[in-house]
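Student: Take this structure first; my questions come after.
The values are calculated or read from the model by the stated rules, or taken from the named source; none is laboratory data. It should be emphasised that the depicted structure is a prediction, and the values quoted were computed from it without experimental measurement. A quick note on method: Cβ atoms are made from the backbone with ideal geometry, for glycine too, and the neighbour counts reach across all protein chains shown.
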Amino acid sequence: MNLVLWSFLTIACFFSARWIFLRTRQPLLHPVLWGTAGMVAFIELTGHSYQSYKAETDWVVSLLGPAVVALAVPVYRLRQLIFRHLGLLLVVIITAVFFSTLSVSLLLCAFPLDRAVIKALSLKSITAPVAFEISRETGGLPALTAIGVMFAGIMGAILGPWALRRTGIRDPQAVGLALGCTSHGVGTARALELGETEGAFARASRPSRIMRLSLVDNDRVAVRVQNHGHVAHRSFGRFKDERAAAVLQFLDCLVKIFHFKSHGGAIR
Amino acid sequence: MQLYPPARKVLAKTGELLGGLMIFWVCLAVGTFLKSVLWLMVPGNVLGLFLLLGLISVGAVKLRYVELASKWLLFFMPLLFVPIYVSAAEDKTIWAKWGWLLVPALVLTVTAMWVFVGHLAQRLNRRSQETGHALSSVTETSK
């Protein structure tokens, strides 16, 4: 199988699933889920290797970089909403991030799992292209991160509104934020179906969730900037780095202190 | 050379799309370069996003230059994940050994997060409304 055939099969599989999804509007028939299932079934049935599939479809994945940059357009369009509700969005998003990481870490720390697995899954509530990029850059397990992200998204589309209603959350802005923070793009799409307010707040929670990712280092451990002359200070200064570092270090179950010096690297 | 109006329109749209994609690629390249040179921990694509956001805000890049390309790329974005998800199926040992734990853990943590974030946002919103800083309707803001 060559590049053209693998690419064609992937695109055909995805758009067939999308066609069915658009006609049925059933969250369980999400095109990403069934597009993936179709390709996995094809590879397993025909006995091809995943390695060759990965190599031939690498160009598709490489489009994720510009796709993340393209998110600047919807972020720019939502700037008024973001600035008007900045306080509410920041409090909810930062708390949600801590809660997401803490819940996965505490739950899975009790089992003899590889740390990379825990780290990969703790990124589950981050918008998919950014989560994937962080996982890839930090030497994690991008594929497992992708599964966690997909799981959180599809679960949000299927059960999210029902679970929120059952637990007494009826405020449309709260529903939108909960779905956007937890289930990112797929949750946002579901929130848009519920109403304009839900959809707008779900969308507003997505770009903002990109902004806070700069708080951790390559091991996803918090960064403590001691020498404020370092270039990194400019990006961390506004976050009150000492407080954020303490919480993130606790969440990571590790005590690592990185000292940044001018023109120097990280020293453990 | 004389072109029929539909052909001219197609060419203009194609140019707009390619121009937008080029701008994204340049921002991505600059973001990746800045990341490597300044030793930043932010992914290169996120730096590129902020760079483009800044350029649009100051008017250096007009929104209409990148609108079509953004729409196009974001439309295809879910497709870009299919190869990644397919790769996840390769590592069967993790799923065979830990699937019984990972799936319930994901269900539990995602549900807990909905409830927690939903209640937090609801309470904060109610409080801000009570103190007279009620959030105006989203319809107004989105206009």
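Student: Before we move on, is A:Asp114 at pLDDT 85 or above, among the acidic types (Asp, Glu) and under 23 Å from the mean Cα position of the chain (by Cα)?
Tutor: Spelling it out, it is not the case that A:Asp114 is at pLDDT 85 or above, among the acidic types (Asp, Glu) and under 23 Å from the mean Cα position of the chain (by Cα).
Student: Moving on. Criterion first (under 20 Å from A:Gln80 (Cα atoms), part of a helix (DSSP H, G or I) and among the β-branched types (Val, Ile, Thr)) does B:Val86 satisfy it?
Tutor: no
Student: Taking the options A:Val69, A:Val92, name whichever one is in contact (Cβ under 8 Å) with a residue 24 or more places away in the chain, under 30 Å from B:Gly54 (Cβ atoms), in contact with a Leu (Cβ under 6 Å, 6 or more places away or on another chain) and among the hydrophobic types (A, V, I, L, M, F, W, C).
Tutor: A:Val92
Student: Follow-up question, since we're still on this one. Can you name the condition, by its number, that A:Val175 falls short on among (1) buried (at least 24 other Cβ atoms within 10 Å of the Cβ); (2) under 25 Å from B:Leu79 (Cα atoms); (3) not aromatic (Phe, Trp, Tyr)?
Tutor: So the condition that A:Val175 fails would be (2).
Student: Oh, and also: List the number of the failed condition for B:Val42; all other conditions in (1) surrounded by fewer than 16 Cβ atoms within 10 Å (Cβ to Cβ); (2) under 17 Å from the mean Cα position of the chain (by Cα) hold.
Tutor: Evaluating B:Val42 over (1) surrounded by fewer than 16 Cβ atoms within 10 Å (Cβ to Cβ); (2) under 17 Å from the mean Cα position of the chain (by Cα) leaves (1) as the failure.
Student: Here's a follow-up. Out of all the residues in the stretch A:97-110, is one or more part of a loop (DSSP other than H, G, I, E, B) and within 7 Å of chain B (Cβ to nearest Cβ)?
Tutor: no
Student: Sticking with this structure for a sec: For A:Ser100, indicate whether it is surrounded by fewer than 22 Cβ atoms within 10 Å (Cβ to Cβ) and out of contact with any strand residue (DSSP E or B) (no Cβ under 7 Å at 6 or more places or on another chain).
Tutor: When the stated conditions are applied, A:Ser100 does not pass them.
Student: Let me ask something else about it. Have a look at B:Glu90, B:Glu67 and point out the one that is facing chain A (nearest Cβ under 9 Å) and at pLDDT 90 or above.
Tutor: Just a single option satisfies the conditions, and that option is B:Glu67.
Student: Right, here's the next one. List the residue pairs whose Cβ atoms are under 7 Å apart, where the first residue sits in the stretch A:31-42 and is within 7 Å of chain B (Cβ to nearest Cβ), the second is of a type in the set (S, T, N, Q) and assigned to a helix (DSSP H, G or I), and the two are 6 or more positions apart or on different chains.
Tutor: Partner pairs satisfying both residue conditions: A:Met39/A:Thr10.
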